[in-house]
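Heads up, the thing below is written out as structure tokens.
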């Protein structure tokens, strides 16, 4: 059984802590924010959290628009625009999964279809990063193991939501992406053993 502690962003499988996709990627230094001043990084993280929560409530039809900060509203417009422009049909929202094969966990923003092809879009408010292709490959593995993908291969992409209400897409097609993730997982496990 998978449990998640939202305040510390920790996953537990049958009570034992397991690493998240994000922790694994950061451990291998694929997403490095060391050069970003702390106060800017904190503000960006908070914005990302608010936007993720707002899009989740929006897609679950539980969003109270009166509670939305005006700074978050353009990101919601961008997400709505993406769904309309692409015809994205949502099947799963914020689904938490665990890989029994590889022993890691993660939360997939959305799983759905575009033109009858399964898609795993990852919602971002920051700049596109090489780590995103690795991240979405891990999510694809989680979804495959859980049996919630019906097609042999899902399209993976990053949907970057912008403060002006626009969005940009970055497809992830690298065949080596999951191999890179497994190397990052090996680094994470090695560092953990050496502590």
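Taking into account only those residues within the stretch 127-152 that are in contact with a strand residue (DSSP E or B) (Cβ under 8 Å, 6 or more places away or on another chain) and assigned to a loop (DSSP other than H, G, I, E, B), which is modelled with the highest pLDDT?
The first filter runs over the stretch 127-152 and keeps only residues in contact with a strand residue (DSSP E or B) (Cβ under 8 Å, 6 or more places away or on another chain), leaving 127-128, 132-133, 135-143, 145-146, 148-151.
Filter once more, keeping what is assigned to a loop (DSSP other than H, G, I, E, B): 127-128, 148-151.
Numbers: 127: 82, 128: 81, 148: 95, 149: 92, 150: 88, 151: 87.
Among them, the one singled out is 148.
Kindly indicate whether residue 52 is on the phi > 0 side of the Ramachandran plot and modelled with pLDDT of 90 or more. Spell out the reasoning first.
Details: on the phi > 0 side of the Ramachandran plot: no; modelled with pLDDT of 90 or more: yes.
Taking the combined requirement at face value, the residue does not satisfy it.
I need the full set of residues from the stretch 50-72 which are surrounded by 13 or more Cβ atoms within 10 Å (Cβ to Cβ), free of Cβ contacts under 8 Å to residues at least 60 places away in the same chain and either in a helix (DSSP H, G or I) or touching a strand residue (DSSP E or B) at 6+ places or on another chain (Cβ under 7 Å) (or both), in order please. Break it down stepwise before answering.
Filtering the stretch 50-72 down to residues surrounded by 13 or more Cβ atoms within 10 Å (Cβ to Cβ) leaves 50-59, 63, 68, 72.
Then keep just the ones that are free of Cβ contacts under 8 Å to residues at least 60 places away in the same chain; that gives 50, 53-54, 56-59, 63, 68, 72.
Across the stretch 50-72, the qualifying residues are 50, 53, 54, 56, 57, 58, 59.
All but one of (1) at negative phi; (2) free of Cβ contacts under 8 Å to residues at least 24 places away in the same chain hold for residue 180, so report the exception by its number.
Here residue 180 meets the rest and fails (2).
The values are calculated or read from the model by the stated rules, or taken from the named source; none is laboratory data. Treat the numbers as computed from the prediction; the structure is a model and nothing was measured. With ideal geometry, Cβ positions are generated from the backbone for all residues, glycine too; neighbour counts draw on all protein chains shown.
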